[in-house]
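The values are calculated or read from the model by the stated rules, or taken from the named source; none is laboratory data. Just so it is clear, the model here is predicted, and its values are computed rather than measured. So basically every Cβ, Gly included, is an ideal-geometry build from the backbone, and we count neighbours across all protein chains shown. To get the accessible areas, we keep the full protein, side chains included, count just its heavy atoms, and leave off ligands, DNA and RNA. Shrake-Rupley method; radii C 1.70, N 1.55, O 1.52, S 1.80 Å.
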There are 2 protein chains.
Amino acid sequence: QAPPDIMFATLKFAALLLAVVVCWATQDYDYNDAEIDEEPTLGDSPYGSLWPLPQKVQISTVVFKLSGASFHIFDAKESSSGASLGTFSQLVYKDEYGAKSINRTDIHDFPRFAHRGLLLDTSRHFLPIKVILANLEAMAWNKFNVFHWHIVDDPSFPYLSRTFPQLSQHGAYQGIRVVPEFDTPGHTQSWGKGQKDLLTPCYSGASPSGSFGPVNPMLNTTYDFMSMFFKEVSTVFPDAYVHLGGDEVNFSCWKSNPDIQKFMEQKGFGMDYSKLESFYSQRLLDIVTTTNKGYMIWQEVFDNGVKLKSDTIVHVWMGNKVEEVLQKVTEAGFTTILSAPWYLDYISYGQDWQKYYRAEPLSFRGTDTQKKLVIGGEACLWGEYVDATNLTPRLWPRASAVGERLWSDRDVRDLNDAYSRLAKHRCRMVQRGIPAEPLFTGYCAHEYKGV
Amino acid sequence: QAPPDIMFATLKFAALLLAVVVCWATQDYDYNDAEIDEEPTLGDSPYGSLWPLPQKVQISTVVFKLSGASFHIFDAKESSSGASLGTFSQLVYKDEYGAKSINRTDIHDFPRFAHRGLLLDTSRHFLPIKVILANLEAMAWNKFNVFHWHIVDDPSFPYLSRTFPQLSQHGAYQGIRVVPEFDTPGHTQSWGKGQKDLLTPCYSGASPSGSFGPVNPMLNTTYDFMSMFFKEVSTVFPDAYVHLGGDEVNFSCWKSNPDIQKFMEQKGFGMDYSKLESFYSQRLLDIVTTTNKGYMIWQEVFDNGVKLKSDTIVHVWMGNKVEEVLQKVTEAGFTTILSAPWYLDYISYGQDWQKYYRAEPLSFRGTDTQKKLVIGGEACLWGEYVDATNLTPRLWPRASAVGERLWSDRDVRDLNDAYSRLAKHRCRMVQRGIPAEPLFTGYCAHEYKGV
């Protein structure tokens, strides 16, 4: 799931205030190019500080004062209280005398996409539980409902199954699902340190070089290990899905190993190592199927033609040919989630939330049936350059832009209106204790106090 | 002092680990281009975690244990204790038994440049005193000695002269000078809100448009105000210098105003509005001279040919033709400080500290006398996109790279060695409570705990 090359293939220059020149890295597909890079201006939105914008809102001029003594909330039968409570708090404001007030407002709301995810990466840097929990809280405010936990990767393996039960519990309580990712057969260097013979020994000429490659796909012990491991994972995480990764498998180590070469010959794979990858993936998917979990996989597993169960979710992340890939995946009948436009670990000068906001998941060519297979997307904050020191302000309010794209109606894309509401929404997050970074010059009524 | 256009004129693509593709915005002059973009590898430096590297270090293998009871520090007669105490703490480490230890080390140290500054901007976002003080502390650890306080600008005017005396006091105590900047005649929108008739009324055709431009240079009341104002400033800030700005004066409002047009005619300036700018600047410089302060100015004031006192410090910030400008300014005999390569408000994916580290202030053509006029530089963190939520991790350890460039010998530029020391230096800042952001995947023995 490395960054898409194409993300940087097109570079535009946009003039800002004060002749500030900005380096925008935009993606080379229609989602963004369809619209012009206009700088929004900061005014007042008729929707106040609502974020993400509900499907239908009518704010009247009838004002109610809120009194602590007499105030109660009653949910309508058909409403989901988690979402409606969150929206309610966004409607409350102080009048000129400081009294908490709310206008009579009719809202009919539901999310446009079912899967509104956020990926955090706990392998590349340590994240204290406190930081993860605070960000789950902020996810709820932004109506995200899936925490994609990229828990392990090459650098470290911080999964200790019995120690974090409160994380999935807390997530469940918030209405946020926790989908753990255990990425194989690549991205597994850290697994090899604690599990002998799991990884493929790389060779330098005729002898082992001492380094290791992807999971060794030819040993029965590999599959015994994976069976036991994913059985445990399936009991620790209550969600119906587990993310199996499958991205960026480097074949050079497999190619160097004479035993693997022999195995390839026996299986009749010729020199096509993607067949070996498929061999591994299919056995792993069979194993996970026995745990009664559904699975998500990064797009390469689909691209390489691995046979997938029909309820597999294909996770599209590569920045090139996004439309084409979405077309193909949905044509093949697979459910899909999109992350390609929302790699928040890429930073640039200026208001890049606009780029995330403009991305439209359904602008590819396809039938209505195909479009329905796109169940949502995920903002990804990969961990190379973030830890507890900088993660939270880098994530918010940039991820909020993705939150609205995944919740609100397709036609909600007025940048000026969004800018106004998002600036207020950001101040609200700051007031609630999340150090969300500023969108531009300005101030909040309640500024962040910390270092 | 808007961002230099040229910063983004050259764009290169560099391959990182995991085929990560990075968008580097490099500057188009020899300082950076002379060297190849090689990715440093993280190993151990023979200099441990020292940052910035002293001028001369010899670390022996003789180990002393430090005991709280018997340990004392004696300064050599010629040493400046502020710097030597800081360096000492960087030499202490825990041995395998956890005992605090130090190797016998001989250090002869002095700064390469006298002016090692950092600009913070309190106009575009509110910065709590706590945040400013914490960053003054981190400045001292990195041997910066000038806090260039861009205190007011268009958006707000947070200077309230009698309320922050502890800031300059504290700065002085740390060995850090506080140089306040009061930028005129442009960047003064916020002044106009509290001072009637100070700014030029802009015209739309024959009548005033209601908006205002730069300071009105034709009224005597303007100079009366400035005399009183800078007299006060000179007593509030003890430093021998005040920064007078002078950058980015927009002439369009002056041009629209019929009274200004008449004044231009009377003065014989023709249509050359930079002559009007010079007229204002010279009167202002005369005023400040009477307060017995020296002054710094942004390079435009020099570029526009304003007559300057010989001890004026010219601040070079524009990214284009940096070498040429340094040549000209020093040829004219002016002392100069450099900021062009160190605009830290520009962010990009990856390890941009390397770009700041590679910049070399003295690579322009000139005599030794000219070179000596470059007394240092300043890292600038303009405030459009930073406030208390994200300022500190965005500043450190990126500013540390500038810190070493301005302190250590010109030949200290081994990227691998720097990477190793900087990674440890960053962990030390984290341990001391400054949320300095990570350089890359990895961990510190004492991680940051906060949100």
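Just a few scattered comments:
- In a reduced charge model with +1 at each Lys and Arg Cβ and -1 at each Asp and Glu Cβ, the range B:115-411 shows a dipole moment near 320 debye about its Cα centre.
- Alpha carbon centroid spacing (whole Å) that separates the range B:177-194 from the range A:220-248: 61 Å
- For the protein assembly as shown, the fraction of C-alpha pairs farther apart than 41 angstrom is 44 percent.
- Check: the range A:397-446 dipole with +1 on Lys, Arg Cβ and -1 on Asp, Glu Cβ, in debye: 180 debye
- Spacing of the modelled spin labels on A:E248 and B:R283, each 7 Å from Cα toward Cβ, amounts to 6.2 nm.
- Taken residue by residue and averaged, Cβ atoms of other chains lying within 10 Å of the Cβ of A:442-450 number 5.
- Protein heavy-atom accessible area occluded, A/B pair - total, 1.4 Å probe, Å²: 4900 Å²
- Exam field: B:Q431 pseudo-label spacings to other copies (7 Å along Cα-Cβ), nanometres: 4.1
- Only one residue of B:T122, B:A240, B:V215 has its Cα farthest out toward the positive end of the dipole of the range B:115-411, where Lys and Arg carry +1 and Asp and Glu -1 on Cβ, and that residue is B:A240.
- Theoretical ellipticity at 222 nm over chain A - DSSP helices of four or more residues, -39500 (n - 2.57) apiece, nearest 500: -9500 deg cm²/dmol
- Percent accessible area from carbon and sulfur atoms, the protein assembly as shown, protein chains only, probe 1.4 Å: 54 percent
- Residues whose amide H lies under 5 Å from that of B:Y203, counting only those 5 or more places away or on a different chain, are B:S209, B:S256, B:N257; hydrogens are built 1.01 Å from N in the peptide plane.
- For peptide B:120-127, the mean count of partner chain Cβ atoms within 10 Å of a residue's Cβ comes to 3.
- Extending 7 Å from Cα along the Cβ direction at B:Q431 and again at A:E323 yields two label points whose distance is 5.5 nm.
- Packing-based ranking, highest mean first, of A:130-139, B:55-64 given that Cβ atoms within 10 Å are counted: A:130-139, B:55-64
- Label points for B:E323 are taken 7 Å from Cα along Cα→Cβ. From this copy to the others they lie 4.5 nm apart, shortest first.
- Förster radius 41 Å - calculated FRET efficiency between A:L85 and A:E232 (Cβ-Cβ, nearest 0.05): 0.70
- Sorted from closest to farthest, the other copies place their A:T291 label points 6.8 nm away, with each point set 7 Å from Cα along Cα→Cβ.
- A convex hull fitted around the alpha carbon atoms of the range B:307-395 yields 120 Å³ per residue.
- Value of Rg to Rh for chain B (Rh from inverse mean 1/r over Cα pairs, i.e. Kirkwood): 1.00
- Each Lys and Arg contributes +1 and each Asp and Glu -1, all at the Cβ; summed about the Cα centre of the protein assembly as shown, the dipole is approximately 2160 debye.
- Links that overshoot a 21 Å alpha carbon limit, given the list B:K56/B:K355; B:K231/B:K328; A:K328/A:K371; B:K193/B:K275: B:K56/B:K355; B:K231/B:K328; B:K193/B:K275
- Once the partner protein chains are put back, the range A:331-366 shows a loss of at least 30 square angstrom of accessible area, versus the chain by itself, at A:Y346, A:I347, A:Y349 (probe 1.4 Å, ligands and nucleic acids excluded).
- Taking each residue as 0.36 nm, the span from B:K449 to B:S60 lengthens on full extension beyond its C-alpha to C-alpha distance by 136.5 nm.
- B:C253 - accessible surface, heavy atoms, 1.4 Å probe, Å² rounded to 10: 10 Å²
- Computed over protein heavy atoms with a 1.4 Å probe, the accessible surface of the range B:115-411 works out to 35 Å² per residue.
- FRET efficiency, B:K267 to B:S310 (Cβ-Cβ, R0 30 Å, nearest 0.05): 0.70
- Partners of B:K262 within straight-line reach, counting aspartates and glutamates whose Cα lies under 19 Å from its Cα and excluding those fewer than 8 residues away in the same chain: B:D197, B:D272, B:E277.
- Per-residue mean of C-beta atoms belonging to partner chains within 10 Å, peptide A:378-390: 6
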